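Read the structure below first, then the notes.
The values are calculated or read from the model by the stated rules, or taken from the named source; none is laboratory data. Because the structure is predicted, anything quoted here is derived from the model rather than measured. Here the Cβ positions follow ideal geometry from the backbone for every residue, glycine too, while neighbour counts run over all protein chains shown. To get the accessible areas, we keep the full protein, side chains included, count just its heavy atoms, and leave off ligands, DNA and RNA. Shrake-Rupley method; radii C 1.70, N 1.55, O 1.52, S 1.80 Å.
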Amino acid sequence: MWSRSPRHSLSALVLLPLLAVTACGGGQSGSSSSSSKPIRIGSVVDQTGYLALSDKAVLAGVQLGADDLNAKGGILGRKIELFAEDWGADPNKAVSATQKLLSQEKIVAMTGSGGSAAAPAEEPLLARASVPSIASSVVKPESKWQVSVLPQAAQGINTMLGWLAANGKKSVGVLRDATPYNDLQQAVLQEQAKGKGITVVGTEQHASNAVDLRSQVDKLLAAKPDGIIKLSFGPTTLVAEKALADKGSSLPMLTANETTIGAKGEGKVYSSLYVALTGPQVYGSLPAGQRTPLLTSFAQKIAGRSEDPGGLARGWDQIHLLAQAIEKAKSTDGAAVRKALGEIGRVPGVAAPFYDFSSNPNGVAVNPFYLVNPRADGSLPIVAGPQG
Amino acid sequence: MLSTLSIGFSLGCVYALVGLGFSLIYRTTGVISFAQGAFVMFGGMVTAWGVGTLHLNLVLAGVLGVTISSLAGLVLALGIILPLWWRKASAFALILGTTVFLLAAQNVILKVYGSEPRAVPPVVNGTLGIAGQRVPWQTLVVALAAVLLSFGLAVFLRRSRIGLAMRAVAESREVAQILGIRTDVIAVVVFVLAAALGAVAGLLIAPLQFASYSVGLTYNIRGFAAALIGGLGDIRGAFVGGIFLGVTEALVGFYLSTKFLDVFVFGLVLLLLVVRPQGLLGTGPRLPAWLKGRKSPDVVPQS
């Protein structure tokens, strides 16, 4: 096979490595699964803004999941390499963060933030680069390149309104900010409240980072509701509670998509707060029969960690869902991975019982929420289970 | 109504204290300092840190907050304002410099303390019953402090040597220099004093809200508006302007809309300034000069 001529042997020695390097291929959406290069996955999360507490937990969950997968050999025999950028709860920064991940870090897939303003900002860039993303915020139903592990707006609203109706409450005031997710939740709430015979007597809006909600709470209380539903997320829940407590009110205030740490802190400020939390967040309060093996295994894995279990679980599910899609596609090609996400069917998760992206990019298929009443001692007793 | 008014009055007092800082600096140095909001933030956050982390009592924590804020004012004056002055920088450069200071301060606090709001205990706990409604005692503390500080500042400007020097510089910097007054020293004193006022505003309002890195910009805008409403450079005007703004904001929010609150409130401010451009207490023509068929007068009112 080989010539005995030294010149030919030398040529072969030079050519063979060159041929090997060329065969490995390149490009952002690499198609070769035989490459030993790591699979580059990006993550755009809020590390400095009002969502930092929950988003840092999501990022930690993604890292935990990546470490878990890498320990088992990675995806398609390739290790996962993570790159994180901060969007600071500013959609403009989400665009530049995504741009950096796509153009400089050459990611093949992305996991996204819990902030609903980030996803629409990122979509055009992801579409141009043909890179799929699994967000932990709501995404538009027509989104082609993003899917979400966030519970659907209707599920949280259903849990809160269900409790109000079951306790004979007939009217509710709404506190919200100006985010796209709150717009969606408001529309869902108006519809569901009607069906449950509950009247929305007032809606007051505030800035996402507001530190004073006395005026808004005052106005809501003047309408004499039987309860308040707070659609906005983040530290403003504490601010609203303070305003209610300072007024001497004991009106129930309900909110969803909170962190466990947040809920426990909020329980010290106002005793009539009710928070819709997911399984990992209330694991300690769950009856034994509702602790699935997946949930128990995850709870053991994160024991002793300080981050929010809900965020950790979402991040974990994001990276594992991506891994399953890449394995199914047998490729990191963006279009193939996105198609595979729709074809992997009903997938059990940790943050939610099941995901199904076949017909809806917001793929949490079953209501995951338990309603708890945080106490001053830090406990989170469950007052209502997941509504249908 | 009483609850709404008490909210508006407490906010108005804080806007007044921030506006006082704006007016004091502008009157003496001609600089519009957009760093005032940073001192409100420092006052609240350092006090919260003192109470929550160092376990100091509220008074000591408050003193720490005002001290740190005053030192920050010194840094602003020596590090940004004076160097720009000595280089005869334009007014816009000075405004930009103070804005950069605010943004940097915000980033530092965010980095050190994070984005979670911090609680500050009130000076006096509990509420007072007035006409069947509950008004927090802290609201009355804020009001009393704002009135005393404003009065004290007015007395200081009229009776003390430094106050006299500040008024001289405000009248004419060149003449003050000829008379041997160190105008750059006066500028430093003014910036430190304004920083202390901002810090007091921050630590007074924090018990009614929360202390947070994000309050700087909010109080900046509103404090500046308070100073404009009262008449930029007019000390009494800043106080009146702050109360006017706070009460208007609370009433508009309650009776009209919280969704478009900023649009309504600042629209009203704009309308007021169109009708009375010198502000409520500033001196100058009652109508814009173009309505009287003359050229516009110079902008800066002096009281």
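Tabulated data
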quantity: Segment B:Leu78-B:Val274, extension gain: residue separation times 0.36 nm, minus the distance between their alpha carbons; calculated: 66.9 nm
quantity: Under-5 Å amide H pairs with A:Phe357, H placed in peptide plane, nonlocal only; calculated: A:Gly345
quantity: Long-range HN-HN contacts of A:Asp177 with modeled amide H, under 5 Å; calculated: A:His206, A:Ser232
quantity: Shielding by partners, peptide A:49-57 (average Cβ within 10 angstrom, other chains); calculated: 2
quantity: Three-way shape label, the stretch A:148-229, alpha-carbon gyration tensor, a/c 1.5; calculated: oblate
quantity: Two-site FRET efficiency, B:Glu174 against B:Val108, from Cβ-Cβ distance with R₀ of 25 Å, rounded to 0.05; calculated: 0.10
quantity: Chain lengthening between B:Val124 and B:Leu256 when straightened (0.36 nm per residue, less Cα-Cα); calculated: 44.3 nm
quantity: Surface accessible to a 1.4 Å probe, per residue, for the residues of chain A, Å²; calculated: 40 Å²
quantity: With Cα atoms, 0 to 90° folded angle of helix A:180-195 axis to chain A main axis; calculated: 50 degrees
quantity: Separation of alpha-carbon centers, the stretch B:235-281 and the stretch A:129-191, rounded to whole Å; calculated: 36 Å
quantity: Using θ = phi - 60° and Karplus 6.51 cos²θ - 1.76 cosθ + 1.60, couplings along the stretch B:197-206 (whole Hz; Gly, Pro as x); calculated: 4, x, 5, 4, 4, x, 6, 7, 7, 4
quantity: Partner lysines for A:Lys140 [C-alpha distance under 30 Å; skip if fewer than 8 residues away on the same chain]; calculated: A:Lys56, A:Lys93, A:Lys100, A:Lys106, A:Lys194, A:Lys196, A:Lys230, A:Lys328, A:Lys330, A:Lys339, B:Lys259
quantity: Rough spin-label spacing in nm, given labels placed 7 Å along Cα→Cβ, for A:Gln190 and A:Asn167; calculated: 2.6 nm
quantity: Distance in nm between pseudo-label sites at A:Ser272 and B:Arg158 (7 Å out along the Cβ direction from Cα); calculated: 4.9 nm
quantity: Cβ neighbours within 10 Å from other chains - mean over B:107-114; calculated: 1
quantity: Charge sum, other residues only, whose C-beta stays under 14 Å from A:Ile75's C-beta, Lys/Arg counted +1 and Asp/Glu -1; calculated: +2
quantity: Spin-label pair A:Lys224/B:Ala89, simplified geometry with 7 Å Cα→Cβ offset, distance in nm; calculated: 5.9 nm
quantity: Carbon/sulfur fraction of accessible area - the stretch A:183-262, other protein chains in place, 1.4 Å, %; calculated: 53 percent
quantity: Estimated dipole of chain A in Debye, rounded to 20 [Cβ of Lys and Arg +1, of Asp and Glu -1, Cα centre]; calculated: 800 debye
quantity: Amide H partners (placed H, <5 Å) of A:Ile228, local residues excluded; calculated: A:Gly173, A:Met253, A:Leu254
quantity: Within chain B, helix-based [θ] at 222 nm, where runs of 4 or more DSSP H residues each add -39,500 (n - 2.57), nearest 500; calculated: -23000 deg cm²/dmol
quantity: Highest average packing first - A:366-373, A:323-330, A:113-120, A:162-169, Cβ atoms within 10 Å; calculated: A:113-120, A:366-373, A:323-330, A:162-169
quantity: For residues of B:254-260, the mean tally of beta carbons on other chains within 10 Å; calculated: 4
quantity: Calculated from backbone phi, Karplus (6.51, -1.76, 1.60) coupling profile of the stretch B:12-25 in Hz, x at Gly/Pro; calculated: x, 5, 5, 4, 4, 5, 5, x, 4, x, 4, 5, 4, 5
quantity: Hz values of 3J(HN,Hα) by residue in the stretch A:72-83 - Karplus curve (6.51, -1.76, 1.60), Gly and Pro given as x; calculated: 9, x, x, 10, 6, x, 10, 6, 9, 10, 9, 10
quantity: Shape of the stretch B:1-66, Cα gyration tensor, a/c cut at 1.5; calculated: oblate
